[in-house]
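Below you'll find the structure, written out as structure tokens, and then a few comments.
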Amino acid sequence: MVPSARLLRLPYGTGEAVCYVKPERRVTRLIPRPGPAPSGPAADIINRALANPIGSKTLAELAAGKKNVVVLTSDHTRPVPSCLTLPPMLEQIRRGSPGAKITVLIAAGCHRGSTPREMKAKFGPAFYEAENIINHDPQDGSNLVSLGRLPSGGELIINRLAAEADLLVADGFIEPHQFAGFSGGRKSVLPGIAALKTVLASHNAEFTVHPKARPGSLEGNPFQTDMIQAARTAKLAFILNVTLTADKQILEAVAGDMEQAHLAGCRLVLERCRVKAAPSPIVIASNGGYPLDQNVYQSTKSIMTADLTCAPNGVIIAVNECRDGCGSESFLKNFQKAPSLTALLEDIEKRGREETIEDQWVIQLTASILVRRRVIMVTGAPDQIIRDLRMTPAESLTGALSMAEELVSDPMAPITLLPDAVTVAVS
């Protein structure tokens, strides 16, 4: 322990990153307001939600007479406790239709498919061995089908298994999302099981910088308009979504109609997660540790939230382990080949909706931050990747803070701390 010092701690992988500052230094922590304690064991919370669906019949009633049921679930990059949510959902489906064929479809969006090892860790070995679990592939044309057009004008193409199901349902979790407003609900369809072409058209340059496309925003958000229409067209009939505590335990659950239940869950989250910006010259942010800090691509979420509370000409320190490296070849290559950040943004901004490139939304948002401020990354990812992304690598939080203090020319510069940036909506 450093004498007369104050300890700063942020989640990092499955551990922590720490540093010391002087006790008189101003440090503002932006965290969700404390919620109620979980109202019982996770299984009880889930079962109560399933027994009392919002705006819907029970899942067992919906399953009656259905022969081909598809259950959408999140991939290994999301902390959805699917080992707890999926078994009771499947039990209800089988109660309503004992002979139904059930497929668990991993709504991976444009992420890589989950490996068997990752599936076993997420779903549990017994569930993995017993159930038919399939990764969605957004580029496998033989398993995709067109369902018309979205409000944005893009073609709605989704996984054939889902489109041909007698009953389509989903699990998920709700948290603020950097441009979709909130995760969960309709997001299981778009981008979850959509074709790459559909995701790209919806995630266009115009929508990405829309003033309503920000954490905690649903009304008037163009991404939400597309996602709702996609879910309606795909006939997503029922959802089970949970909210999570800081240590990723189930706090609440909502079930039922994919719009009404999701909105109810979003209201619960927004009551706790909305925080008032505390602009500081130095902002230190984390994705909240594993699994959300698995790669640099996912780690941009904490950078985007930090940007909303960083003073002009300030410095962002992103603290994310990134054990899988960059996480997106397209994300990295577009930075590598760009002569400058300005040129990269100009190229994106002139693209039409049908010309959107892979991962353009993350490239655009990240580059728009980097043209305005320095970003230092405390990470296990290779230094060269961080430099290619126009950020500065640091081996420790202490070293990163020293760099930031030098950049703002103030060893006592106020700090805003976001230990779990993806759980707050900055206003």
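Give me the one-decimal nm value for the distance between modelled label points at Ala43 and Gln139, 7 Å along each residue's Cα-to-Cβ direction.
Simple spin-label model gives 4.3 nm for this pair.
What is the distance in Å between the Cα centroid of the range 367-383 and that of the range 33-100?
39
From the backbone phi of the range 222-233, what are the Karplus-calculated ³J(HN,Hα) couplings (6.51 cos²θ - 1.76 cosθ + 1.60, θ = phi - 60°) in whole Hz, Gly and Pro given as x?
x, 5, 5, 4, 5, 5, 5, 5, 4, 5, 4, 5
Want the number for Ala130 to Glu16: 0.36 nm per residue separation, take away the alpha-carbon distance, what's left?
My answer for the length gained is 37.4 nm.
Evaluated at 4 °C with a viscosity of 1.567 mPa s, what Stokes-Einstein diffusion coefficient in µm²/s does the range 303-374 have when Rh comes from the Kirkwood expression over alpha-carbon pairs?
Estimated via Stokes-Einstein, D reaches 97 µm²/s.
Counting other beta carbons within 10 Å of each residue's own, what order do Asp166, Asp171 fall into, fewest first?
Asp166, Asp171
Give the order of Glu118, Glu395 when sorted by the count of other beta carbons within 10 angstrom, beginning with the fewest.
Glu395, Glu118
Pick from Asn334, Asn287, Asn241 the residue whose mean-square fluctuation is largest in a GNM of the chain, springs joining Cα atoms under 10 Å.
Between Asn334, Asn287, Asn241, it is Asn334 that shows the largest mean-square fluctuation.
Among Phe335, Phe223, which comes first, second and so on when ranked by fewest other beta-carbon atoms within 10 Å?
Fewest-to-most ranking of Phe335, Phe223: Phe335, Phe223.
Given a cut-off of 35 Å, what percent of all Cα-Cα pairs of the chain lie beyond it?
The share of Cα pairs beyond 35 Å in the chain comes to 27 percent.
List the residues whose amide H sits under 5 Å from the amide H of Met377, counting only those 5 or more places along or on another chain, with H placed 1.01 Å from N in the peptide plane.
Close amide H contacts, sequence-distant or interchain: Ala318, Thr392, Ala394.
Which whole-Hz ³J(HN,Hα) couplings does the range 159-168 yield from phi under the Karplus relation 6.51 cos²θ - 1.76 cosθ + 1.60, θ = phi - 60°, glycine and proline marked x?
So the Karplus estimates, Gly and Pro as x, are 4, 4, 4, 5, 5, 9, 6, 6, 8, 10 Hz.
Antiparallel versus total DSSP beta bridges in the chain: what percent is that, nearest 5?
Just about 30 percent of them are antiparallel.
What residues qualify as long-range amide H neighbours of Leu144, i.e. H under 5 Å apart, gap of 5 or more or another chain, H built at 1.01 Å from N?
For Leu144, the qualifying residues are Arg160.
On the first, second and third principal axes, largest extent first, how far apart are the outermost C-alpha atoms of the range 228-320 in Å?
Answer, in whole Å and largest first: 47, 28, 28 Å.
Compute log10 of I(q)/I(0) for the range 42-272 with the Debye formula, placing one identical point scatterer on every Cα and leaving out solvent, at q = 0.14, 0.16, 0.18 Å⁻¹, to two decimals.
Log10 I(q)/I(0), no solvent term: -0.83, -1.11, -1.43.
Can you work out the Karplus-derived ³J(HN,Hα) for every residue in the range 91-97? Use 6.51 cos²θ - 1.76 cosθ + 1.60 with θ = phi - 60°, whole Hz, and x for glycine or proline.
5, 5, 4, 6, 5, x, 8
Amide H neighbours of Thr416 under 5 Å, at least 5 residues apart or on other chains, H built in the peptide plane: list them.
Correct list: Thr28, Ile282, Val283, Ile284.
Every read-out reported here was derived from the displayed coordinates using simple, explicitly stated rules and does not represent laboratory data. Fair warning: this is a prediction, and the values are worked out from it, not measured in the lab. We place every Cβ from the backbone using ideal geometry, glycine too, and count neighbours over all the protein chains shown.
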